[in-house]
Amino acid sequence: IGTMVGGTAGVAGGWIDEALMRPSDFVIVLPAMYVVLALRAALPLVLPPAEVFALVGGILALVGWPIVARGVRAIVASERERDYAQAARALGAGRARLLWRHLLPAARGFLAAQAALLVAAFILAEATLSYVGLGFPDPSVSWGVMLQEAANVSAMADAPWTLAPAAGIFLVVLGVNLLAEGTQLGDD
């Protein structure tokens, strides 16, 4: 969503840019985790796991797209004035072709970095939602549901392995960030 909105705003400019970027400004100024919690709490709490997955994914996408849109818009807006973009336009490339074939590839590095950051943030957000009872229902496997057992300090002293989901979250988030960093180093 962010790539499409930001790319369209960056290549079009003018009032289209303004109309597309105002909603992203509105979403960016809101505290993301509170918005996620409020949106999820406002919806039905008892749902099948597949619907919870789709619902949580949609809510996280709603909160995450503006960050990507702002960055892609800035890259596309600066790249559209470069010589190669001007040459493509002079050869008859329309806005859509200019965006897809010439301008969006310039945003690959940014998109890879944002994907790594957002995946980590979304993992933490889902674990938080499940931990507070707004995510996946209890029989479903989720790190947040598993961490509910670690909330009892006395039980944690008797069974320290209840913190294993926290270690799993840490390792996956670290791995995603290291993978993204390795990809970035490979592009340079």
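The values are calculated or read from the model by the stated rules, or taken from the named source; none is laboratory data. Computed from a predicted structure; not experimentally measured. Cβ: placed from backbone, ideal geometry, glycine included. Neighbour counts: every protein chain shown. Just so you know, the surface numbers come from the protein's heavy atoms only, side chains and all, with ligands and any DNA or RNA stripped out. Shrake-Rupley method; radii C 1.70, N 1.55, O 1.52, S 1.80 Å.
Worth a mention:
- GNM top mover of A155, A19, A120 - the chain, alpha-carbon springs below 10 Å: A155
- Entry note, the chain: the mean residue ellipticity at 222 nm calculated from DSSP H runs of n ≥ 4, each adding -39500 (n - 2.57), is -23500 deg cm²/dmol after division by the residues and rounding to the nearest 500.
- In sequence order, calculated HN-Hα J values of segment 19-29 (Karplus, 6.51, -1.76, 1.60; Hz; x Gly/Pro): 5, 7, 8, 4, x, 5, 4, 4, 5, 5, 6
- Against the chain, whose longest principal axis is taken from its Cα atoms, helix 49-79 shows a tilt of about 30°.
- Ranked packing of 66-74, 54-62, most packed first, by mean Cβ within 10 Å: 66-74, 54-62
- Annotation: per residue accessible area for the chain equals 57 Å², rounded to a whole number [probe 1.4 Å, protein chains only].
- Highest mobility in the GNM of the chain, judged by mean-square fluctuation with C-alpha springs under 10 Å and restricted to D17, D83, D138, is found for D83.
- For segment 1-65 and segment 157-172, distance of Cα centres in Å: 31 Å
- Of the Cα atoms belonging to segment 79-146, the radius of gyration and Dmax stand at 20.8, 60 Å.
- Only Lys, Arg (+1) and Asp, Glu (-1) charged, at Cβ; the chain dipole about Cα centre in debye: 780 debye
- Rg/Rg_ref, the chain, where Rg_ref = 2.2 N^0.38 Å and atoms are Cα: 1.27
- Split the accessible area of segment 1-124 by element, probe 1.4 Å, and carbon with sulfur accounts for 70%.
- Taking the charge dipole of the chain about its Cα centre, with +1 at Lys and Arg Cβ atoms and -1 at Asp and Glu Cβ atoms, the residue from I28, L178, L55 reaching farthest to the positive side is I28.
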